[in-house]
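As structure tokens, the structure follows; a few thoughts come after it.
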Amino acid sequence: ILNVEQSPQSLHVQEGDSTNFTCSFPSSNFYALHWYRWETAKSPEALFVMTLNGDEKKKGRISATLNTKEGYSYLYIKGSQPEDSATYLCASSNSNSGYALNFGKGTSLLVTP
Amino acid sequence: DAMVIQNPRYQVTQFGKPVTLSCSQTLNHNVMYWYQQKSSQAPKLLFHYYDKDFNNEADTPDNFQSRRPNTSFCFLDIRSPGLGDAAMYLCATSARPRDTQYFGPGTRLTVL
């Protein structure tokens, strides 16, 4: 994998549903994996940064896992709420590129009541 | 609250007319970044400053320039905007190059 890939591109769920997204990234010279939430008309907000294989992070109903050997991360949202509607971006950095963030295109989540 | 501010939020310019986008930060971070995000695409790094050191990405067009007169401010200058330069421009900061980046809300540029 050369680029950061996110799936699905978009997702529409009902309030209360749990959901998850995938981020695939280059595993060679890996340094860190970031997840951001970007609500319309607001600034992208940092959710998590993970560096170690097997890392798991949690923030309220949102959690993320990291597998650096195979180059993927999952983001989970438990009991989705309308306020979770946003674009979720992941970005990886590696030691070869000066630690610059390489972003995916994002997953757009819509949660309806 | 410490934050990253971008002005204006929306900018309309004419084909070929120079335009400047502004970013300021109250975080006192050493690194400032400019990203371009076109519709349905991933944000793409254009360049960044580490203190006063300017770092240009290899594929950033010459049409794009940047200035950082002090720690707090960074400007993106587009010398001759083309229709293909219409995009969301995001400014971000971090304490060090490998740290979490903090973003402004972006400036959406329209080129007529």
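Some notes on this structure:
- Considered as a group, the residues in region A:40-63 that are hydrophobic (A, V, I, L, M, F, W, C) and closer than 26 Å to residue B:106 by Cα include one that is surrounded by the fewest Cβ atoms within 10 Å (Cβ to Cβ), and that residue is A:41.
- Contacts under 6 angstrom Cβ, first residue in region B:1-27 being within 14 Å of residue B:91 (Cα to Cα), partner of a type in the set (Asp, Glu) and at pLDDT 95 or above, 6 or more apart: B:20/B:77
- Hits in region B:28-45 (condition: touching a residue at least 40 places away in the same chain (Cβ under 8 Å) and surrounded by 13 or more Cβ atoms within 10 Å (Cβ to Cβ)): B:29, B:30, B:31, B:32, B:33, B:34, B:35, B:36, B:37, B:38, B:43
- Scope region A:9-54; condition of a type in the set (Ser, Thr, Tyr), more than 8 Å from chain B (Cβ to nearest Cβ) and part of a loop (DSSP other than H, G, I, E, B); matching residues: A:18, A:27, A:28, A:40, A:51
- From the list A:54, A:60, the one residue that fits, being closer than 30 Å to residue B:6 by Cα and over 11 Å from the mean Cα position of the chain (by Cα), is A:60.
- Subset of region B:63-98 [at the interface with chain A (Cβ under 10 Å from one of its Cβ atoms) and crowded, with 17+ Cβ neighbours inside 10 Å]: B:90, B:91, B:92, B:94, B:97, B:98
- Condition check for residue A:88: buried (at least 20 other Cβ atoms within 10 Å of the Cβ) and assigned to a strand (DSSP E or B): yes
The values are calculated or read from the model by the stated rules, or taken from the named source; none is laboratory data. This structure is a prediction, so every number in the text was calculated from the model and none was measured. We place every Cβ from the backbone using ideal geometry, glycine too, and count neighbours over all the protein chains shown.
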